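Please read the structure below before turning to the comments.
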Amino acid sequence: MDVSYEAVNGSDGGDGGVPHGALLARIAEAMWEGDATEMAAARAALTDAAGADVMVDAVAVSANFHMMTRVADGTGTPLDPGTYDMSAPVREACDLNGFVSRRDPQGERQTAQGASN
Amino acid sequence: MSIAAPQRTYDTGLPIRDDLGAAHGEIAARWSRPGTWWTGEQRAEIVRQVRAARDHRTDDGGALPPWVQPSGIEGLVDADGPLPAAAADAVWRITNHPGTLTEDWYQSIIDRGVDPLAYVELVGLVAQSNCVDRFADALELPRIELDEPADGPPGREGAPAAVKYHWVPTADIKMPNVIKALSAVPAENEALFILSDAQYVPMERVRGDVVSDRNSLTRPQIEVLAARTSKLNECFY
């Protein structure tokens, strides 16, 4: 399967080689925006195309990444050294390198704070 | 980790898997119990503040901007409530603007008196409630009601931890950095695993198995959703 990054960059860019990729991206965008009308339309479109099971599981995956992103960015999680070079093309294609949340792999910090309690 | 037998968390005709409903029910039940560093009352208040942060709209219809602390605005955060103002401010900022967080911001919260390990638990709770509530909201289901907070002190039984690669203290475990992130408070890391197992891919398979399908989705479909959501949240990781 040839997969590209169009759906990662937006639902108007095509499926990116992933079945229903654009509709999945639309679900994620609707959840992010929180507009009830668009959310209902996105749910209906994906349900019509792929079924209610897929729609519910898609909502669950997107919700999971509202969790993971907050864990990563709330704790200052740096990129793993082993994935830095490997992810360079993705970061470039998806225009991620300018994010405020960019934290490249780094050496150990000074243990300025321990488990204080 | 263990979850009780599947329970009916959501009353709906939608095909929500039993394991997913059970995971949400289990996590929501923990929100009102004493945690590692916060009481049950404080943990429940953290979830209430997540909900308040998500539901609040400014005059222009948007979320409170990242540079505004809700504790400084009358009526948003109860000054006499169970949470320190700095904790409430952190909840709102992590909820609405996770992509804007910096180490200086984190340090400002710690400097206002929030213990680093209590902060780790707070991040876990904020992340969980964003996950569970956003799922319900997207499907137009009622958010899970909070139980009456259970009495009792926090357990204060974290893992040995130190600041190493993250802003926060982490335990010395060999795992991807995002799984280490909450490792100083094992109960919150367990909660992360429970939700991820039900909604994404079991943590131990995230990198070891990148081809298997999961429930009704193929792995490429799962990763489109994960990547698109992460980009919308401006998450570099």
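The values are calculated or read from the model by the stated rules, or taken from the named source; none is laboratory data. Note that the structure is a prediction, hence the values are computed from the model and not measured. Quick reminder, even Gly has a Cβ in these numbers, built from the backbone with ideal geometry, and neighbours come from all protein chains shown. The protein model used for the area step is the full one, side chains on, heavy atoms only, and it has no ligands, DNA or RNA in it. Shrake-Rupley method; radii C 1.70, N 1.55, O 1.52, S 1.80 Å.
Details
- Which listed residue, of B:Ile222, B:Ile179, is more than 20 Å from B:Leu101 (Cβ to Cβ) and open to solvent by less than 40 Å² (accessible area, probe 1.4 Å): B:Ile222
- Residues (closer than 14 Å to B:Gln49 by Cα and either open to solvent by 10 Å² or more (accessible area, probe 1.4 Å) or of a type in the set (Phe, Trp, Tyr) (or both)) located in the stretch B:95-142: B:Asn96
- The residues of the stretch B:133-147 that are under 18 Å from the mean Cα position of the chain (by Cα) and within 7 Å of chain A (Cβ to nearest Cβ), listed by number, are B:Arg134, B:Phe135, B:Ala138.
- The lone criterion from (1) within 22 Å of A:Gly34 (Cα to Cα); (2) assigned to a helix (DSSP H, G or I) left unmet by B:Gly62 is number (2).
- Test: residue in the stretch B:65-78 that is open to solvent by less than 50 Å² (accessible area, probe 1.4 Å), assigned to a helix (DSSP H, G or I) and within 12 Å of chain A (Cβ to nearest Cβ): no
- Just one residue in the set B:Glu140, B:Glu121, B:Glu148 is over 27 Å from A:Ala44 (Cα atoms) and assigned to a loop (DSSP other than H, G, I, E, B); that residue is B:Glu148.
- When residues in the stretch B:161-212 are screened for being in a loop (DSSP other than H, G, I, E, B), facing chain A (nearest Cβ under 8 Å) and either under 30 Å from A:Val54 (Cα atoms) or not charged (D, E, K, R) (or both), 10 of them pass.
- Within the stretch B:172-194, residues that are touching a residue at least 12 places away in the same chain (Cβ under 8 Å) sit with their Cβ atoms under 7 Å from residues that are buried (at least 22 other Cβ atoms within 10 Å of the Cβ) and of a type in the set (Asp, Glu), at 6+ positions apart or across chains, in these pairs: B:Leu182/B:Glu188; B:Val185/B:Glu121; B:Glu188/B:Glu121.
- Filter pass, B:Pro160 being at pLDDT below 95 and either open to solvent by 30 Å² or more (accessible area, probe 1.4 Å) or in contact with a Pro (Cβ under 6 Å, 6 or more places away or on another chain) (or both): yes
- Residue list for the stretch B:182-199, filter: surrounded by fewer than 24 Cβ atoms within 10 Å (Cβ to Cβ), more than 13 Å from the chain's Cα centre (by Cα) and not small (Gly, Ala, Ser): B:Pro186, B:Asp197
- Test: B:Asp151 is free of Cβ contacts under 8 Å to residues at least 60 places away in the same chain, of a type outside the set (Lys, Arg) and more than 7 Å from chain A (Cβ to nearest Cβ): no
- Scanning the stretch A:1-11 for residues that are more than 8 Å from chain B (Cβ to nearest Cβ) and either over 23 Å from A:Thr69 (Cα atoms) or crowded, with 24+ Cβ neighbours inside 10 Å (or both) yields a single hit, A:Asp2.
- First in the stretch B:89-110 and more than 9 Å from chain A (Cβ to nearest Cβ) and without any contact (Cβ under 8 Å) to a residue 24 or more places away in the chain, second anywhere and open to solvent by less than 40 Å² (accessible area, probe 1.4 Å) and part of a helix (DSSP H, G or I), Cβ under 7 Å, 6 or more apart: B:Asp89/B:Pro70; B:Ile109/B:Ala86; B:Ile109/B:Ala90; B:Ile109/B:Tyr119
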